[in-house]
Amino acid sequence: MARHNELGAWGERLAREYLISKGYTLVDENLHVGHNELDIIATKDKWMVFVEVKTRSHGLDEAVEAVDSRKIARMVRAADAVLRQYTVPYEYRFDVIAVIGTPEGEHSLYHYPDAFMPPLMTY
């Protein structure tokens, strides 16, 4: 596995552990819907949470800015497919978790609940 893939898998594992420690229930991970992927789907209270995890060895801004309009659109399309496929008794939101550091060193985790609203579709 390439170094960046190993770093990403490590960050996603930390994000899952963090969410569980905060009382979230994991529903699915690395779910592919067509060409779109959702890193983590979790529930807590009345929320179904679609989580994008960005891991970088350094640079919080770089990690957060990687969730750009194209990434948001892909997440929204995948989440829409999930919500349409199942009767979901939850409200939903989109969170971003940024993990900064390396497995060999120190790390920090930043959770941004309700990080963005799905954009309105225009045709």
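The values are calculated or read from the model by the stated rules, or taken from the named source; none is laboratory data. Just so you know, these numbers come straight off a predicted model, no measurement behind them. When we count neighbours, we look across all protein chains shown, and the Cβ atoms used for this are built from the backbone with ideal geometry, even at glycine. To get the accessible areas, we keep the full protein, side chains included, count just its heavy atoms, and leave off ligands, DNA and RNA. Shrake-Rupley method; radii C 1.70, N 1.55, O 1.52, S 1.80 Å.
Summary of computed values
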item: Evaluation of L120 against (1) open to solvent by less than 20 Å² (accessible area, probe 1.4 Å); (2) out of contact with any Asp or Glu (no Cβ under 9 Å at 6 or more places or on another chain); (3) farther than 24 Å from N5 by Cβ (one fails), failing number; result: (1)
item: Matching entry among L19, L31 (being under 12 Å from the mean Cα position of the chain (by Cα), at pLDDT 95 or above and open to solvent by less than 40 Å² (accessible area, probe 1.4 Å)); result: L19
item: V64 being open to solvent by 30 Å² or more (accessible area, probe 1.4 Å) and touching a residue at least 40 places away in the same chain (Cβ under 8 Å); result: yes
item: Residue match in region 78-87 (condition: at pLDDT 95 or above, open to solvent by 30 Å² or more (accessible area, probe 1.4 Å), farther than 19 Å from A9 by Cβ and in contact with a strand residue (DSSP E or B) (Cβ under 8 Å, 6 or more places away or on another chain)); result: no
item: Unmet requirement for Y90, which otherwise passes all of (1) modelled with pLDDT of 95 or more; (2) in contact with a Lys or Arg (Cβ under 7 Å, 6 or more places away or on another chain); (3) farther than 21 Å from E6 by Cβ; result: (1)
item: Selection from region 75-90 of residues that are of a type in the set (S, T, Y) and in contact (Cβ under 8 Å) with a residue 24 or more places away in the chain; result: Y90
item: All positions within region 91-111 that are open to solvent by 80 Å² or more (accessible area, probe 1.4 Å) and in contact (Cβ under 8 Å) with a residue 12 or more places away in the chain; result: E91, Y92, H107, Y110
